[in-house]
Amino acid sequence: MRQVGGETSAGEGGDGGGARYSAFISYSHQDERWATWLHRALEHYTVPRRLVGIETRAGPVPRRIYPVFLDREEFATDPSLSARVEEALSRSRNLIVICSPEAAA
C-alpha cells in the first residue's frame with residue numbers, strides 16, 4: 001500500500017465504520033499476475049468527477065479507490081500472516097475474489 005498525499009482513504013468519509021481498505025483482493029498463487037495488475041489499476045483509477053460525492057448506501061463516492069489490500073505486498077515478511085489477513089479483511093469495505101480455471105485445478 002502506498003500513501004498518496006491528499007487522497008481520500010477508506011477510513012475517511014463514507015460510512016465511518018472503521019474501514020481501512022476500500023477493497024481486499026483474494027486470489028490464488030496462480031492468479032498473482034492478475035491480482036497485481038488489478039491492485040495497481042484500482043489504486044490508480046480516478047473516479048469520474050461527476051460521480052464523486054454522490055451519496056450511496058455505502059456513503060459518498062470517493063475520488064479514488066484507495067487503498068486496496070493485496071496480501072503479498074502488505075505482509076510479505078509478517079510471521080502472524082493469518083491473523084493480519086483476517087484483520088485486513090474485516091477492515092475492508094469490499095471483497096474482490098479472483099477466480100480462474102487455473103486456480104480451481
Per-residue Cβ contact counts at 10 Å, fewest first, order Arg93, Arg63 as Arg63, Arg93
³J(HN,Hα) across the stretch 22-39 via Karplus (A = 6.51, B = -1.76, C = 1.60, θ = phi - 60°), whole Hz, x for Gly/Pro? 6, 8, 10, 9, 9, 7, 8, 3, 5, 9, 4, 4, 5, 4, 5, 4, 5, 4
Test of understanding: ordering Val61, Val68 by Cβ neighbours within 10 Å, fewest first, what list do you get? Val61, Val68
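Every number here is computed from the coordinates shown, using simple stated rules; none is lab data. Keep in mind that this is a model prediction, so the values were computed, not measured. We place every Cβ from the backbone using ideal geometry, glycine too, and count neighbours over all the protein chains shown.
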